[in-house]
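Notes follow once the structure below has been shown.
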Amino acid sequence: MALLEIENLTVEFETAAGTLRAVDGISLCVEEGEVLAIVGESGSGKSVSMLAVMGLLPWTATVKADRMAFQGRDMLNLEPAERRKIIGKDISMIFQEPIASLNPCFTVGFQIQETLRQHTDLDRAARRRRAIELLEAVGIPDPQERLGSFPHQMSGGQCQRVMIAIALACDPKLLIADEPTTALDVTIQKQILDLLMDLQARTGMGMILITHDMGVVAETADRVVVQYKGRKMEEADVLSLFERPQHPYTKALLAALPENAVGDRLPTVADFSLDDTPYTGARP
Amino acid sequence: MSEIVLETRNLVRDYVIGGGLFRPSRVIHAVKGVSLKLEKGKTLAIVGESGCGKSTLARMITMIDAPTAGELLIDGEQIDIARKTLTPEQRRKVQIVFQNPYGSLNPRQKIGDVLMEPLIINSDLPAAERRDRAFSMLLKVGLRPEHFNRYPHMFSGGQRQRIAIARALMLNPRLLVLDEPVSALDLSVQAQVLNLLADLQDEFGLTYVFISHDLSVVRYIADEVMVMYFGEAVEYGTREEVFSNPQHEYTRTLFAATPRADVESIRRRLARKAA
């Protein structure tokens, strides 16, 4: 049984200018222990579809799907109280801006222990021990001291490590990472990706990695979904996607990588005649 | 030999931090003696992690901040803003494009006004001519005339970066300092902006100082590369020299950390994982 199954997910927003369809019929599934990358440019609906799974969209959004199930359990018509028991415990998420997503008014220790207080019955001392353990696991030096630090006293990379610690606090079965390294330097990006991959291999959790960086995809994913204008263009395992991209949009994305440049101008997505019909045929 | 547009000799910038009644102040050495020479029409890429002083160096080259010590020469002319005010002619020569196109445009200013403002301040052109120049620049960076009267929030990130580039070019600068101009942009938009920069360089014979932490972009765009680490230039040479034979430990770490998107390295990774 797949960890997370989504069939025909549609998300619409009511705006002043009419209805905006941000996600248009996305289907995907994640198996246990698998790393799925969702690639697409901004506005392609990759974050929105995952926020729909988490139930974090504002009230202006209408979420429709034929099926949205986590471990066989329907997520669409879940009571909010029931949903809260799953979110943060079995499914957790790392957001793009580490500094903006931590609360500046509380210490990082408090914020890690908050998750534990909600979802486990550990007592105060045990929560503290677990928080130290987590900070150690994500590679923060002096974890005992750092529990009392505020987010502004840490660097961007360290804040992202704290976010990962919070996400991992209750041993999630599925981790959704929404552009976890976009705001970070290359060297720090490498460290964070290594850390995530290492933790994923050790705990065997499923992982969804949302990104627009093909380099990150190449370094981490098992399987890739390419999304464009809210629709799934192509889905393949990572090797065949890079070796034999089928959809023109995927080809365009790969050609736009500066390291693949031939000649003195980069091909852009606009140079490829784009039909936005998804590629469904067999792979050669 | 072609002309040298930009030259710095042992450029140093210190920042003095804090210091109260009972606390001594601290000095941060942001840039510790950087020397470089850049010919007309070339692109110098400055690479380094956040906090290594690359933006401070950019601010000194753009004549926003005065260096603590060292010399800055633009077109062979010595510039020292701490002692002598700049002439409009000197100001015109160097322009800058900032990293975040969402923060660098005034949300209350229409695009036309954004483009005409440098002309109002630095030239005495009549209004009609300012307008004409703004229109033609708008077209040159790939926007349309109807964008003239719109506000920044009506544009996407890539379009805003085009506007920022257009504004920088209004005064026909010799040298354009680009402070991470594409790192906030998507891959496909990034390609468009890089192409635009290459086109403009060919057309106007511009010289670029391109600040970035993305080595794949640097490899694509740069003629010369400088790697900075804690305020020092640890590596400086042509692109081929730096990429084929990195000397400093940090440069090698940087190369190793850059994600590789070729089929071979994916194969290797999958093999490692299966093992």
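The values are calculated or read from the model by the stated rules, or taken from the named source; none is laboratory data. Keep in mind that this is a model prediction, so the values were computed, not measured. A quick note on method: Cβ atoms are made from the backbone with ideal geometry, for glycine too, and the neighbour counts reach across all protein chains shown. We work out accessible area using only protein heavy atoms, side chains counted, and drop any ligands, DNA or RNA first. Shrake-Rupley method; radii C 1.70, N 1.55, O 1.52, S 1.80 Å.
How about the stretch B:126-224: which helices (runs of 4 or more DSSP H) wholly inside it have at least 1 residues that are in contact with a Ser or Thr (Cβ under 7 Å, 6 or more places away or on another chain) and either modelled with pLDDT under 90 or open to solvent by 20 Å² or more (accessible area, probe 1.4 Å) (or both)? Can you show your working first?
Values: elements: B:127-140, B:157-169, B:187-204, B:215-221.
Here the list reads B:187-204, B:215-221.
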Inset, instruction - Go through (1) within 13 Å of chain B (Cβ to nearest Cβ); (2) open to solvent by 20 Å² or more (accessible area, probe 1.4 Å); (3) not hydroxyl-bearing (S, T, Y) and name the single condition A:Q153 misses. - result: (1)
Inset, instruction - Answer with yes or no whether A:A137 is of a type in the set (G, A, S), farther than 15 Å from A:V35 by Cα, more than 14 Å from chain B (Cβ to nearest Cβ) and surrounded by fewer than 21 Cβ atoms within 10 Å (Cβ to Cβ). - result: yes
Legend entry - Residues of the stretch B:84-101 satisfying the condition of being open to solvent by 70 Å² or more (accessible area, probe 1.4 Å) and of a type in the set (D, E, K, R): B:K84, B:E89, B:R91
Inset, instruction - State all residues of the stretch B:231-270 that are open to solvent by less than 60 Å² (accessible area, probe 1.4 Å), under 30 Å from A:P245 (Cα atoms) and in a helix (DSSP H, G or I); if no residue qualifies, say none. - result: B:F243, B:L254, B:F255, B:A257, B:V263, B:S265, B:I266, B:R269, B:L270
Inset, instruction - Inspect all residues belonging to the stretch B:96-108 and state whether any of them is at pLDDT 90 or above and in contact with a strand residue (DSSP E or B) (Cβ under 8 Å, 6 or more places away or on another chain). - result: yes
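Residue-wise test of (1) more than 26 Å from B:E180 (Cα to Cα); (2) surrounded by 14 or more Cβ atoms within 10 Å (Cβ to Cβ); (3) touching a residue at least 60 places away in the same chain (Cβ under 8 Å).
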| site | (1), (2), (3) |
| --- | --- |
| A:A131 | yes, yes, no |
| A:G148 | yes, no, no |
| A:C159 | no, yes, yes |
| A:I164 | yes, yes, yes |
| A:C170 | yes, yes, yes |
| A:L174 | yes, yes, yes |
Legend entry - Sole exception among (1) open to solvent by 50 Å² or more (accessible area, probe 1.4 Å); (2) at pLDDT 85 or above; (3) facing chain B (nearest Cβ under 9 Å) for A:E259, by number: (2)
Inset, instruction - Return the residue satisfying two criteria in turn: it lies in the stretch A:101-146 and is assigned to a helix (DSSP H, G or I) and of a type in the set (G, A, S), and of such residues it is farthest from the chain's Cα centre (by Cα). - result: A:A125
Inset, instruction - Identify all residues within the stretch B:181-208 that are among the acidic types (D, E) and closer than 19 Å to B:L6 by Cα; write none if there are none. - result: B:D202
